[in-house]
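See below for the structure under consideration.
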Amino acid sequence: MYTKFPDSLLLNTKETDYLVAKIRASGFQFLGYGITKGKIRVNLQEVNNKDNDYFLTDTELKVQFERQLSNTVSLLELEKDTFFIDLYKVATKEVAINPNITIDVASNHILDGGLILEPKTVSIKGPAKEIAKINEVFTAPLVLTGLSNDFSEKLLLIKPEAIDNTILLQEVVEVSGKIVEFSERAFEIPLSSVNILEGYRIKTFPNKIELVCKASLESLKTMKLSDFEVVVDYNSLLNKESKYLNVQLKRTPANIYSVQLLTGKVEFVLEKL
């Protein structure tokens, strides 16, 4: 078998995986080699190149063979004095890893911050035309249910279909996530107005908007009304005859999972100053 390929080369998948050699051994040793076809590792790190033909000489191969044969086996002769090896030049490319994971968390829990991949990308190596078609590599599928604690899993990377001579330079990715318990808290936020006509002010009914925020228990304890901003924008009024303005959520704390306005629009009147 071939090992230690130069960084810029790969072996054609149809290349032969055996060499013919004559050896001398005792009866039982010889019988063993005849049955198992003794596997020898051929190091290609120092392969020769001439006009894009790659080869090893019989002298170079004999040195490698003799290092791996037992003392009771002698190498007499190789079939050829030059062994050509079907290697080809390759390119490398970094592509994203796409986790094929289905996650179901326990009640009142949430995946905090999304999935964490280590690494986030993988290097692929193959013919330039072949790797140009590949933009991502998927993990093996994984289903996790009823999660209430942090998790970490090692997943195999799946070689994309319909590629013959491209390899992944890494086979495993670690996928992890933080699972936290969340709760809800209601806030009543004063309603502001923007883009008012000059010389006027807006009065809304109601003038406060209730919202429900989902976050971790620790985060909810420290939240304040000033962390939120809820407005109505007079410029968003498409029909100047309308008595209603849509409510917009302009600012929220960074450490929340979701926020819901319980009122989507409010009645208003323009008052001249």
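The values are calculated or read from the model by the stated rules, or taken from the named source; none is laboratory data. Keep in mind that what you see is a predicted model, and the values were worked out from it rather than measured. Using ideal geometry, Cβ is built from the backbone for each residue, glycine included, and neighbour counts are taken over all protein chains shown.
For residues that are over 20 Å from A25 (Cα atoms) and touching a Phe, Trp or Tyr at 6+ places or on another chain (Cβ under 9 Å), scanning just the stretch 61-87, find the one that is surrounded by the most Cβ atoms within 10 Å (Cβ to Cβ). Filtering the stretch 61-87 for residues that are over 20 Å from A25 (Cα atoms) and touching a Phe, Trp or Tyr at 6+ places or on another chain (Cβ under 9 Å), the one surrounded by the most Cβ atoms within 10 Å (Cβ to Cβ) comes out as L87. Return the residue satisfying two criteria in turn: it lies in the stretch 88-122 and is more than 12 Å from V175 (Cα to Cα) and among the basic types (K, R), and of such residues it is surrounded by the fewest Cβ atoms within 10 Å (Cβ to Cβ). For the stretch 88-122, the residue satisfying everything is K89. Looking across the stretch 227-242, just one residue is under 21 Å from I189 (Cα atoms) and part of a loop (DSSP other than H, G, I, E, B), and that is F228.
Report yes if K224 is in contact with a Phe, Trp or Tyr (Cβ under 7 Å, 6 or more places away or on another chain) and basic (K, R), otherwise no.
On the way: in contact with a Phe, Trp or Tyr (Cβ under 7 Å, 6 or more places away or on another chain): no; basic (K, R): yes.
No.
Between L157, L273, L217, the distinction of being in contact with a strand residue (DSSP E or B) (Cβ under 9 Å, 6 or more places away or on another chain), more than 30 Å from E94 (Cα to Cα) and in contact (Cβ under 8 Å) with a residue 60 or more places away in the chain belongs to L273 only. The single condition from (1) surrounded by 16 or more Cβ atoms within 10 Å (Cβ to Cβ); (2) part of a strand (DSSP E or B) that T145 fails is (1). Per the conditions (1) more than 30 Å from N12 (Cα to Cα); (2) acidic (D, E); (3) more than 12 Å from the chain's Cα centre (by Cα), the sole criterion not satisfied by E118 is (3).
In the set F205, F228, which member is modelled with pLDDT of 90 or more and over 48 Å from the mean Cα position of the chain (by Cα)? Even if it seems obvious, please write down each step before you answer.
On the way: F228 fails: over 48 Å from the mean Cα position of the chain (by Cα).
The conditions single out F205.
I'd like to check something: does the stretch 247-257 contain any residue that is among the β-branched types (V, I, T), assigned to a loop (DSSP other than H, G, I, E, B) and out of contact with any helix residue (DSSP H, G or I) (no Cβ under 6 Å at 6 or more places or on another chain)? Checked against the condition, which is being among the β-branched types (V, I, T), assigned to a loop (DSSP other than H, G, I, E, B) and out of contact with any helix residue (DSSP H, G or I) (no Cβ under 6 Å at 6 or more places or on another chain), the stretch 247-257 yields at least one hit. Cβ-Cβ distances below 7 Å connect the following pairs, each with a first residue in the stretch 4-17 that is on the phi > 0 side of the Ramachandran plot and assigned to a loop (DSSP other than H, G, I, E, B), a second residue that is modelled with pLDDT of 75 or more and among the aliphatic types (A, V, I, L, M), and a separation of six or more residues or different chains: K4/L44.
When the residues of the stretch 103-135 are filtered to those that are part of a strand (DSSP E or B) and among the β-branched types (V, I, T), which remaining residue is farthest from I179 (Cα to Cα)?
Let us first name the residues in the stretch 103-135 that are part of a strand (DSSP E or B), namely 103-105, 109-118, 121-126.
So of that shortlist, the ones also among the β-branched types (V, I, T) come out as 103, 105, 110, 116, 121-122, 124.
On the way: I103: 11, V105: 8, I110: 6, I116: 12, T121: 24, V122: 26, I124: 32 Å.
Applying the filter and picking the extreme gives I124.
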